[in-house]
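Inspection log for the structure reproduced underneath, given as structure tokens.
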Amino acid sequence: MKNPFLHFIILVLFVSISIKIVAQEVVLPHNQETGLIEFTGLVKVDSSLTQQVLYAKAREWFANSFKSAKDVIQMDDKVAGIIVGKGNFSERKSGGIINFTLKVQVKDGRYKYWFSNFIHEEPLRGYSGGSLENEKPDCGYMLMFKRVWKEYIPIAVNLHVNSMIQSLKDGLSKGSIEMDKW
């Protein structure tokens, strides 16, 4: 004799186990010295791309990647080939934004990038998760669910930063900037 209730329980168990297996936790990269979340990379490009050309390409990338590069860029040292900016992006599950710092340093034939200082804010509701290195959000789990803090926000950060890294690679790895021929 078949028991529909038993079939239902087995189905629920199978689905819940499957969901748990599929829902993988994203582990964000950490700087081993500081313990802070940091996405970093050294990219070698065509050796004919000078520091000056890569610097111009990095400035152009900032201008194209943010609503206002002027508001984002905090430090701009053409001689050292360093641009530091503070940007943010929306995170849907918490309804907040993630602030971050981005540093790009260029040299002849190569550049390095750092994404760091990730901080969650929810300005409309007036609370903040704070630094993403925190074990739990500053506002506590009453205002932000544990799953949002531990799973959804790291997934959003990982996706957004990796998308920006790819965009940066595309922007700086192409040939030299050509002046318009009038």
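The values are calculated or read from the model by the stated rules, or taken from the named source; none is laboratory data. Since we're looking at a predicted model, the values are computed, not measured. No Cβ is skipped: glycine too gets one built from the backbone with ideal geometry, and neighbour counts run over all protein chains shown. Areas reflect the complete protein model, heavy atoms only, side chains present, ligands, DNA and RNA absent. Shrake-Rupley method; radii C 1.70, N 1.55, O 1.52, S 1.80 Å.
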(request) Output the residues belonging to region 74-98 that are open to solvent by less than 20 Å² (accessible area, probe 1.4 Å) and on the phi > 0 side of the Ramachandran plot. (result) 81
(message) Could you check region 27-48 and list, in sequence order, the residues that are touching a Lys or Arg at 6+ places or on another chain (Cβ under 8 Å) and open to solvent by less than 40 Å² (accessible area, probe 1.4 Å)?
(response) 41, 43, 45
(request) Test residue 103 against the stated conditions and say whether it is at pLDDT below 95 and open to solvent by 10 Å² or more (accessible area, probe 1.4 Å). (result) no
(message) Return the residues of region 108-158 that are of a type outside the set (Ser, Thr, Tyr) and closer than 30 Å to residue 52 by Cβ; say none if nothing qualifies.
(response) 108, 109, 110, 112, 114, 115, 117
(request) May I ask you to verify whether residue 128 is within 28 Å of residue 61 (Cα to Cα) and open to solvent by 30 Å² or more (accessible area, probe 1.4 Å)? (result) no
(message) Looking at the structure I just gave you, is residue 111 of a type in the set (Ser, Thr, Tyr), open to solvent by 60 Å² or more (accessible area, probe 1.4 Å) and in contact (Cβ under 8 Å) with a residue 40 or more places away in the chain?
(response) no
(request) Hey, can you tell me all the residues within region 56-73 that are polar (S, T, N, Q) and open to solvent by less than 60 Å² (accessible area, probe 1.4 Å)? (result) 65, 68
(request) Output yes when any residue across region 116-123 is under 24 Å from residue 163 (Cβ atoms), surrounded by 15 or more Cβ atoms within 10 Å (Cβ to Cβ) and out of contact with any Phe, Trp or Tyr (no Cβ under 9 Å at 6 or more places or on another chain), and no when none is. (result) yes
